[in-house]
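The values are calculated or read from the model by the stated rules, or taken from the named source; none is laboratory data. Here the structure is a predicted model, which is why all the values come from computation and not from measurement. Methodologically, a virtual Cβ is constructed for each residue, glycine included, from the backbone with ideal geometry; neighbour enumeration extends over all protein chains shown.
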Amino acid sequence: MSQARWWQRGIFYQVYPRSFQDTNGDGIGDLDGIRARLDYLVTLGVDAVWISPIFPSPMADFGYDVADYCGIDPIFGDLEAFDRLVADAHARGLKIVLDFVPNHTSDQHPWFVESRASRHNPRRDWYIWRDPAPDGGPPNNWMSNFGGPGWTLDPASGQYYYHAFLREQPDLNWRNPAVRAAMHDVLRFWMARGVDGFRVDVIWHLMKDADFRDNPPNPEYEPGDPDIRRFIQSHSTDQPDVHPIIAELRGVIDEYEDRVLIGEIYLPIDRLVAYYGANLDGAHLPFNFQLIHASWSAPRLAELIAEYDAALPEGGWPNWVLGNHDQPRIASRIGCRRTRVAAMLLLTLRGTPTMYYGDEIGMENVPIATEDAHDPWEKNEPGLGVGRDPERTPMPWDASPAAGFTTGRPWLPLAADSARRNVAAQMEDPASLLGLYRALIALRRAHPVLHAGTYRKIAALGDVLVFLRESEQECVLVALNLAETAQDDIPLPPGTLGRVLLSTARDREERVEGHLALRPDEGVIVALDARI
Ligand code: GLC
């Protein structure tokens with residue numbers, strides 16, 4: 001594995017730029033802010049920074065509505081600030097990954113302004129326009145992911161356009177070769193500027209059914225569910241002909257040396273792995289969100305790890321994601337007490353880990369009243385619990401009034417406990433969650449078996465998960481107690497001899513012979529003397 005690529009060895013860290021670090025006092029984070037915190041990321045030990053969209057945008061969906069793919073929104077800075085960020089990151093050995101949003105643009109993008117101008121505009125076919133149904137209603141039953149129909153009537157031309165998300169986010173027509181060529185040039189623009197890769201937004205949405213057939217009803221839909229659950233998205237997403245489109249994107253990525261293509265895909269495992277491409281010519285890393293949706297029990301985790309491993313195509317590199325800007329914080333999903341074991345799991349599984357900013361200090365969802373919501377999904381479908389503001393709140397850096405995030409008023413409230421739970425406080429305390437993350441990352445670096453070794457399940461007994469990571473040179477055993485109760489005598493395979501390298505409590509390094517004792521919510525990594 002000495003020839004492992006950086007995106008196989010490394011750890012990704014997602015920055016939500018509005019909430020990382022503000023430098024101009026407007027209460028919103030910016031590129032100079034990220035640059036100012038690069039040394040923190042080096043201290044943490046991560047390898048690559050994925051930054052959510054920073055392009056000019058009306059911010060209807062906080063940057064996921066792009067009005068110019070080749071610029072920087074003034075809220076975040078400008079191209080010079082971006083170049084400074086890339087240069088300083090590269091000088092520290094950090095990679096920069098951008099968020100590419102190809103499925104839709106902003107309705108303010110000049111392409112859409114032209115497209116909507118008339119039925120005969122040369123850009124008309126850049127978007128998805130259809131005549132009304134015979135009754136004058138939307139062309140089919142496709143819904144918007146953010147509530148209501150996925151179609152909006154343009155009264156001037158009498159046609160509807162499709163938007164899988166907000167009506168301010170019209171979907172591009174990826175069947176149009178001119179659209180594809182324009183988007184390929186966007187990738188080239190950023191790679192020529194030094195960008196190391198892309199996370200591709202909703203990549204499984206790019207192609208829709210050519211005949212625009214209705215989606216089938218979802219038998220599991222219940223009143224009170226968000227609108228998008230009314231139908232199964234079988235005709236509006238995950239079409240077989242998306243794969244050649246992705247292979248083209250990959251071809252563009254491969255024009256430049258050593259860049260990475262990551263796909264955002266929310267699909268069951270069997271369909272997810274198709275996004276590696278039939279000949280591994282798809283995404284290098286189709287994001288694996290299994291840990292986000294899993295119920296947190298040892299048997300369930302063991303099962304999903306096995307399912308994923310079995311489904312991976314030959315040569316396909318695994319990856320694991322614990323959180324992102326669309327999902328409740330891990331600490332809120334599984335409870336603070338289990339965040340240490342979750343960290344150990346993420347950083348000892350086989351495959352590239354992706355962390356979400358602030359999870360390393362145990363940030364929790366910050367409650368935000370519906371009337372204070374910024375997230376357009378929450379505004380469209382209030383009270384269903386779909387809002388994403390709670391997981392997007394500013395990073396607390398220190399105990400100063402706005403937690404060192406801004407000198408102004410933060411765009412979203414800081415967590416109430418920011419004076420106590422912040423980076424500076426945890427940096428000084430080796431027993432903190434941040435201390436544990438740093439130790440785990442350092443260990444992953446020092447023991448190549450943790451990124452390159454094979455995975456073998458030993459046991460999922462009660463609520464204890466035990467597995468091995470093995471290579472020719474090393475063998476490491478990981479034991480995680482997911483229960484609130486102590487496990488005093490966990491049997492290990494006959495002949496197990498070794499030494500504790502790290503406990504989630506960071507207070508033991510004893511020899512291990514044949515069995516282990518774990519305290520509630522404790523995990524340990526054990527270096528074995530020999531393979532078993
Ligand atoms: C992705 C993004 C999400 C955004 C949506 C529309 O799921 O992660 O934040 O709202 O796509 O672009």
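Summary of values
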quantity: Within region 190-206, considering residues that are surrounded by 20 or more Cβ atoms within 10 Å (Cβ to Cβ) and away from the ligand (no atom under 16 Å from the Cβ), the one farthest from residue 15 (Cα to Cα); calculated: 190
quantity: Test result for residue 83, within 16 Å of the ligand (Cβ to nearest atom), acidic (Asp, Glu) and more than 20 Å from residue 13 (Cβ to Cβ); calculated: no
quantity: Members of region 316-337 found to be over 18 Å from the mean Cα position of the chain (by Cα) and closer than 26 Å to residue 99 by Cβ, listed by number; calculated: 316
quantity: Residue count for region 356-380, restricted to those that are more than 23 Å from the chain's Cα centre (by Cα) and assigned to a loop (DSSP other than H, G, I, E, B); calculated: 1
quantity: The lone exception for residue 426 - which of (1) without any contact (Cβ under 8 Å) to a residue 24 or more places away in the chain; (2) closer than 23 Å to residue 39 by Cα it fails; calculated: (1)
quantity: Tabulated pairs, region 263-280, first under 21 Å from residue 97 (Cβ atoms), second aliphatic (A, V, I, L, M) and more than 16 Å from the ligand (Cβ to nearest atom), C-beta under 6 angstrom, 6+ apart or interchain; calculated: 277/247
quantity: Filter pass, residue 122 being more than 16 Å from the ligand (Cβ to nearest atom), within 23 Å of residue 207 (Cβ to Cβ) and not acidic (Asp, Glu); calculated: yes
quantity: Lone qualifier among 251, 224 - being loosely packed, with under 14 Cβ neighbours inside 10 Å, part of a helix (DSSP H, G or I) and not basic (Lys, Arg); calculated: 251
quantity: Given (1) touching a residue at least 60 places away in the same chain (Cβ under 8 Å); (2) under 21 Å from residue 263 (Cβ atoms), index of the condition residue 141 fails; calculated: (2)
quantity: Lone qualifier among 337, 329 - being of a type in the set (Lys, Arg), within 16 Å of the ligand (Cβ to nearest atom) and under 23 Å from residue 484 (Cβ atoms); calculated: 329
quantity: Test for residue 441: is it closer than 22 Å to residue 335 by Cβ and modelled with pLDDT of 95 or more; calculated: no
quantity: Count of region 144-179 residues which are touching a His at 6+ places or on another chain (Cβ under 8 Å) and not in a strand (DSSP E or B); calculated: 7
quantity: Looking only at region 491-502, and only at residues there that are of a type in the set (A, V, I, L, M, F, W, C) and either surrounded by fewer than 18 Cβ atoms within 10 Å (Cβ to Cβ) or under 34 Å from the mean Cα position of the chain (by Cα) (or both), the one that is nearest to residue 458 (Cα to Cα); calculated: 497
quantity: Residue in region 196-218 that is assigned to a strand (DSSP E or B) and among the basic types (Lys, Arg) present; calculated: yes
quantity: Among (1) of a type outside the set (A, V, I, L, M, F, W, C); (2) touching a Ser or Thr at 6+ places or on another chain (Cβ under 8 Å); (3) surrounded by 20 or more Cβ atoms within 10 Å (Cβ to Cβ) - the single one residue 32 does not satisfy; calculated: (3)
quantity: Of all residues making up region 402-445, the number that are surrounded by 15 or more Cβ atoms within 10 Å (Cβ to Cβ) and outside any helix (DSSP H, G or I); calculated: 16
quantity: Some residue of region 168-180 being among the charged types (D, E, K, R), buried (at least 19 other Cβ atoms within 10 Å of the Cβ), within 17 Å of residue 380 (Cβ to Cβ) and at pLDDT 95 or above; calculated: yes
quantity: Selected residue (only one of 459, 479, 486, 452 is modelled with pLDDT of 95 or more and surrounded by 15 or more Cβ atoms within 10 Å (Cβ to Cβ)); calculated: 479
quantity: Which listed residue, of 86, 101, is buried (at least 22 other Cβ atoms within 10 Å of the Cβ) and of a type outside the set (S, T, N, Q); calculated: 101
quantity: Within region 284-326, tally of residues that are in contact with a strand residue (DSSP E or B) (Cβ under 9 Å, 6 or more places away or on another chain) and either within 15 Å of the ligand (Cβ to nearest atom) or closer than 30 Å to residue 374 by Cβ (or both); calculated: 15
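Residues checked against (1) without any contact (Cβ under 8 Å) to a residue 60 or more places away in the chain; (2) within 13 Å of the ligand (Cβ to nearest atom); (3) over 21 Å from residue 249 (Cα atoms):
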{"site": "48", "(1), (2), (3)": "no, no, no"}
{"site": "54", "(1), (2), (3)": "yes, no, no"}
{"site": "58", "(1), (2), (3)": "no, no, yes"}
{"site": "62", "(1), (2), (3)": "no, yes, yes"}
{"site": "70", "(1), (2), (3)": "no, no, no"}
{"site": "78", "(1), (2), (3)": "yes, no, yes"}
{"site": "90", "(1), (2), (3)": "no, no, yes"}
{"site": "98", "(1), (2), (3)": "no, no, no"}
{"site": "103", "(1), (2), (3)": "no, yes, no"}
